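Okay, handing you the structure first.
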Amino acid sequence: MERRRNWCARMCFLVIFGSCLTPIVALPVSFSDEFTVTSAVDHVKTIADNNTIELILDQNSGAGFASKYQYMFGVVSMEIKLVPGDSAGTVTAFYMSSDGNERDELDFEFLGNRSGQPYTVQTNIYALGKGDREQRVNLWFDPSLEFHKYSIFWNHYHIL
């Protein structure tokens, strides 16, 4: 069965159940219902509403999480605020990946930078384990000043 979902790092999930004959009821879905923390559990902070998380980056570790489900098509969005100043050696990323040796993968990575230099976004697409589709874009704004929303949309025909 094909599952389609729209999800983001600042989770604002609603699952809607209903039919033409009954009223629509919206039920909140928590982060822990949809995702599992994959690294540095102590670096993942759940906000009081249990739909929003903060990933903590320090000198010892970053953090990571993964969906509990697989998706054929959809949109994934993250609200990200990058580390300010000299962040060389720090990569902030979100990506989607299939299982297996010949994986399919969509990457969206913010490369660390030296103070005063533009921030760079790097994207890549892997199909059947083969990448070599990297694209780099220097950002025209400072992504460390506030949260910005970044999205990947994909279906049978397009990746945006």
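In square nanometres and to one decimal, what's the mean projected area of the convex hull around the Cα atoms of region 89-160?
Values: hull surface 23.5 nm².
Dividing the Cα hull surface by four gives the mean projection, 5.9 nm².
In what order, largest first, do 49, 142 sit by accessible area if the probe radius is 1.4 Å? Working shown, then result.
Working: 49 85, 142 60 Å².
Accessible-area ranking of 49, 142, largest first: 49, 142.
Please work out the C-alpha center-to-center distance from region 59-89 to region 91-111 and express it in whole Å.
Centre-to-centre distance over Cα atoms comes out at 10 Å.
Under a 1.4 Å probe, what is the accessible area of region 49-160 per residue, stated in Å²? If you can, show how the numbers build up before the last one.
Values: 7270 Å² over 112 residues.
With all protein chains present, region 49-160 gives 65 Å² per residue.
Could you give the length gained on full extension between residue 61 and residue 33, defined as 0.36 nm per residue of separation minus the Cα-Cα distance, in nm? Don't skip to the end; give the middle numbers.
Details: separation 28, 0.36 × 28 = 10.08 nm, distance 2.45 nm.
Result: 7.6 nm gained on full extension.
Separate question: Roughly how many Å² of residue 126 are accessible to a 1.4 Å probe, to the nearest 10?
Approximately 50 Å² for this residue.
Right, here's the next one. Which FRET efficiency, nearest 0.05, do residue 115 and residue 73 yield, Cβ-Cβ r, R0 35 Å?
Working: r = 40 Å, r/R0 = 1.14.
Between residue 115 and residue 73 the formula returns 0.30.
Please compute the length gained on full extension between residue 98 and residue 144, using 0.36 nm multiplied by the number of residues separating them and subtracting their Cα-Cα distance. The partial results should precede the final answer.
Values: separation 46, 0.36 × 46 = 16.56 nm, distance 3.03 nm.
Contour length minus Cα-Cα distance gives 13.5 nm.
Another question, then. Please turn the phi angles of region 143-155 into ³J(HN,Hα) values with the Karplus equation 6.51 cos²θ - 1.76 cosθ + 1.60 (θ = phi - 60°), one per residue in order, whole Hz, x for glycine and proline.
x, 9, 7, 7, 6, 10, 9, 10, 9, 10, 10, 9, 8
Report the accessible area of residue 73, computed with a 1.4 Å probe over the heavy atoms of all protein chains in place, in Å² rounded to the nearest 10.
30
The values are calculated or read from the model by the stated rules, or taken from the named source; none is laboratory data. Everything quoted here is computed from the prediction, not taken from an experiment. Using ideal geometry, Cβ is built from the backbone for each residue, glycine included, and neighbour counts are taken over all protein chains shown. Remember, those area values only see protein heavy atoms, side chains included, never the ligands or the DNA or RNA. Shrake-Rupley method; radii C 1.70, N 1.55, O 1.52, S 1.80 Å.
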